[in-house]
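The values are calculated or read from the model by the stated rules, or taken from the named source; none is laboratory data. Given the structure is predicted, the values throughout are model-derived calculations rather than measurements. Here the Cβ positions follow ideal geometry from the backbone for every residue, glycine too, while neighbour counts run over all protein chains shown. The area values use the complete protein model at the heavy-atom level, side chains included, leaving out ligands, DNA and RNA. Shrake-Rupley method; radii C 1.70, N 1.55, O 1.52, S 1.80 Å.
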Amino acid sequence: MEIGIFTIGDVTEDPTTGSTPSEHERIKATLEIAKKAEEVGFDVFATGEHHNPPFVAPANPPVLLANIAARTTRLRLSTATTLITTNDPVRLAEDYSYLQHLSDGRVSLMMGRGNTGPVYPWFGKDIRQGIPLAIENYNLLHRLWREKNVDWEGNFRTPLTGFTVTPFPLDDVPPFVWHGSIRSPEIAEQAAYYGDGFFHNNIFWPASHTARMIKLYRQRYEYYGHGRADQAFVGLGGQVFMAKNSQDAVRSFRPYFDNAPVYGHGPSLEDFTAQTPLTVGSPQQVIERYLSMRDWAGDFQRLLFLVDHAGLPTTTVLEQMDLLAEEVVPVIRKEMDAQRPADVPDAPTHEWLVARHRAGQDPVAGGTEDSKAYQDRTERAVREEAR
Amino acid sequence: MHTIVAISGGVGSPSSSTKLADRILGAVRDQLQLTGVPAQVEVIELRPLAHDLVDMTLTGIASEALGEVFDTVQQAHGVVVVTPVYNAAPLGLLSLFWQLFPDAGLRGIPVLLAATGGTARHSLALDGQLRPLITYLKGLALPTTVFAATDDWGSPEAVSGLGSRIAVAAEELARLVAAQPAETRDVFDDLDPEGVTPFDQLLGG
């Protein structure tokens, strides 16, 4: 089980004081938070990619992650998310490959399509092509990280002839990729097709919806022959605010909740905590809530908490991280690891991926000859031939 | 069993819009009974969902209660919409409900439009403003609408004609409901693992 934190780097006014950090302060606070994550024992730090105010998450996450890699030794680095739509997949392959070498294999990626429509034209892309861009770009990235002298032609960038990514991934094994989507079946299907991970950022969503997305991904993962449905790689988001005493947690968090950029001035704190994974209360309440996710999500390998947002001061964020790391993370990790069957994989590390690669067990995109998907494709081809 | 659902935007208690919804549903059920088609009817008032509708506007996420109402409407064989008219326009709460309703969620469903208002001069709010919304959602908005002004509730039938307007509209709806098989309509589920588009088709497409 891999437990970490993820940030979108929002620069938001603290509603209790009326003060807003400068971009510089927010960026430096992000570094402090990442260092703290390693110190207190989180497994992962993930950063968003942003191109517009009020966010200062980096436009190119490897810039921030390379800095954090240099300040840490154990912490795994990830994204939440990397825009697979508007970035050139060639540059993604190169930048993340370089970061993977710099950090000795501590990198994974989460692919996303972006939080705002205008980002597409800023990079010369068409928002109506969001899904096709995600599909074609990732398909190229997947090849670039596995093949040398690539010949390629597609719809969204100039063709490549004999192209080889420099540097090639560490030990010839690309970083693990999670595909993130809130409600697009195509992305769950994409994750399943490649045998990659699927991350549902459920922090604003009811469990009933998240469970359906995960079920879709798991069933299709099995269909493509990468393993049983329950062996697929599932990641979830989390959002909590804690105090030793639950009333204190509610009292402290309410002004931030009431004014938060996404849900502020909408549902009440009570309604929102009932409907989504947001838990405001004691560490014990958080533990119970998050352990119960296994009941509807199955064994999941990644859990990322949003802790620095909505104008919370950095000191509060660091306190929350202490509470999480001391009281919550060890219990969830221990319980989840104990309950996970031996033949269900843990969150992939570079070492695990290298071992899988050397054993010749890398997932085959679209499924090997033993898969139901392969059989269906063959039958379809025969039918079309006959016509 | 055929099901017909009325969405009432009335916020008063008692509400004249809900009263009109009850009368229309009764007339539709009676019409269906004459042709030997038993039907189950239900009125859903939006007042208890008012907060959920505003919350969904802000967060994009339907509450469980609102999600259930969306499902109920999409599974119905016929829908009746009754809105109060404020300042010559359908009440915002009712418009909001349809603006948040799943895309094309009324596909193939006959929809009877009705409204209440202080004066009959509000009656074009249905054809001018509500009809395009229902059509956009692929609902089959019926040609006959029912408008009940304050006067209509206190006048004899010979003067108001409300009962006969309801009868004409109810007959239109009943005919289109009876023409459908009695099974519960399926709600389209784009997350059904059996119905997903295979990835090689997405790649090749």
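Would you work out which of A:VAL150, A:ILE131, A:ASN115 lies farthest towards the positive end of the dipole of region A:115-154? Charges go on Cβ: Lys and Arg +1, Asp and Glu -1.
Checked the options; the winner is A:ASN115.
With +1 on the Cβ of every Lys and Arg and -1 on the Cβ of every Asp and Glu, and nothing else charged, how large is the dipole of region B:2-202 about its Cα centre, in debye rounded to the nearest 20?
With Lys and Arg at +1 and Asp and Glu at -1, about 880 debye.
Angle check, please: helix A:61-71 long axis (alpha carbons) against the longest principal axis of chain A (alpha carbons), in degrees 0 to 90, nearest 10.
70
All other residues with a Cβ under 14 Å from the Cβ of A:ALA243 taken together, and with Lys, Arg as +1 and Asp, Glu as -1, what is their net charge?
-2
Among A:SER97, A:SER268, A:SER108, which one shows the biggest mean-square fluctuation in a GNM of chain A, springs joining Cα atoms closer than 10 Å?
A:SER268
Which one of A:PRO277, A:PRO206, A:PRO348 has the biggest mean-square fluctuation once chain A is modelled by GNM with Cα springs under 10 Å?
A:PRO206
Span-like helices, chain B: DSSP H, alpha-carbon axial extent 20 Å or more, mean Kyte-Doolittle 0.0 or greater, which ones?
Span-like helices in chain B: B:162-178.
Using the Cβ atoms and a cut-off under 12 Å, what net charge is assigned to the surroundings of B:SER17, where Lys and Arg are +1 and Asp and Glu are -1?
My count for the surroundings of B:SER17 gives +1.
If you average the sequence gap of Cα pairs under 8 Å that are 6 or more apart and divide by the length of region A:2-386, what percent do you get for the contact order? Write down the numbers at each step before the final one.
Values: 705 pairs, mean separation 68.9, N = 385.
Here the relative contact order equals 18 percent.
Note the angle between two axes, namely the Cα long axis of helix A:89-102 and the longest principal axis of the Cα atoms of chain A, as a number of degrees from 0 to 90, rounded to the nearest 10.
So the helix axis and the longest Cα principal axis differ by about 60 degrees.
With no solvent and one equal point scatterer per Cα, compute the Debye intensity ratio I(q)/I(0) for region A:159-234 at 0.24, 0.27 Å⁻¹ and report its log10, rounded to two decimals.
For the requested q values the scattering log ratios are -1.00, -1.15.
Which Cα, out of A:LEU141, B:GLY10, B:SER123, lies furthest along the positive dipole direction of the protein assembly as shown (beta carbon charges, K/R +1, D/E -1)?
After comparing all options, I get B:SER123.
Run lengths n ≥ 4 of DSSP H only: what is the helix-derived mean residue ellipticity at 222 nm for chain B, with -39500 (n - 2.57) per run over all residues, to the nearest 500?
Numbers: 9 runs with 88 residues, N = 205.
Helices in chain B give a 222 nm mean residue ellipticity of -12500 deg cm²/dmol.
In Å², and per residue, what accessible area does region B:2-202 have when probed at 1.4 Å with the other protein chains present?
Result: 46 Å² of accessible area for each residue.
Give me, ordered by chain and number, the residues 5 or more places off A:ARG76 or on other chains with an amide H under 5 Å from its own placed amide H.
The answer is A:VAL44, A:PHE45.
Working out 0.36 nm times the residue gap between A:THR116 and A:ASP346, then minus their Cα-Cα distance, what length gain in nm do you get to one decimal?
This chain segment gains 79.5 nm when fully extended.
Just to be sure I understand: if I project the alpha-carbon convex hull of region A:298-379 onto a plane and average over all orientations, what area do I get in nm²?
Result: a mean projected hull area of 9.0 nm².
Report, in whole Å, the centroid distance computed from the Cα atoms of region B:111-175 and region A:13-27.
The two parts, judged by their Cα centres, are 54 Å apart.
For Cα pairs less than 8 Å apart in space and 6+ apart in sequence, what is the mean separation divided by the residue count of region A:67-141, i.e. the relative contact order in percent?
It rounds to 42 percent for region A:67-141.
Around A:LEU83, with a cut-off of 12 angstrom between Cβ atoms, what is the net charge of the other residues, counting Lys and Arg +1 and Asp and Glu -1?
Residues near A:LEU83 contribute +1 overall.
Treating only the Cβ of Lys, Arg, Asp and Glu as charged (+1, +1, -1, -1), what charge dipole size does region B:92-205 show about its Cα centre? Round to the nearest 20 debye.
Details: 7 positive and 14 negative charges, 108 e Å.
Approximately 520 debye in magnitude.
Where is the GNM fluctuation largest for chain A (alpha-carbon springs, 10 angstrom cutoff): A:ILE131, A:ILE214, A:ILE203?
Looking only at A:ILE131, A:ILE214, A:ILE203, the biggest GNM fluctuation is shown by A:ILE131.
Two-decimal Rg/Rh of chain A from alpha-carbon positions, Kirkwood Rh?
In chain A, Rg relative to Rh is 0.97.
Using Cα pairs closer than 8 Å and at least 6 residues apart in sequence, work out the relative contact order for chain B, in percent.
24
Whole angstrom only: what separates the Cα centroid of region A:228-294 from the Cα centroid of region A:49-67?
25
Taking the Cα centre of chain A as origin, work out the dipole magnitude from +1 charges on Lys and Arg Cβ and -1 charges on Asp and Glu Cβ, in debye rounded to 20.
Here the size comes out at about 440 debye.
Find the Cα radius of gyration of chain B, compare it with 2.2 N^0.38 Å by division, and give the number to two decimals. Before the final figure, lay out each step's value.
Values: Rg = 17.9 Å, N = 205, 2.2 N^0.38 = 16.6 Å.
Compared with the compact-globule rule of thumb, chain B sits at 1.08.
If you fit an axis through the alpha-carbon atoms of helix A:130-144 and take the longest principal axis of the Cα set of chain A, what angle between them do you get, 0 to 90°, nearest 10?
Its long axis makes an angle of about 70 degrees.
For B:PHE188 paired with A:GLN284, estimate the spin-label separation in nm (one decimal), with each label point 7 Å from Cα along the Cα-to-Cβ line.
Result: 4.9 nm between the two label points.
For n ≥ 4 DSSP H runs only, could you compute -39500 (n - 2.57) per run for chain A, divide by its residues and tell me the 222 nm figure to the nearest 500?
Numbers: 15 runs with 169 residues, N = 387.
Computed mean residue ellipticity for chain A: -13500 deg cm²/dmol.
Over what distance in Å are the Cα centres of region B:12-87 and region A:135-206 separated?
45
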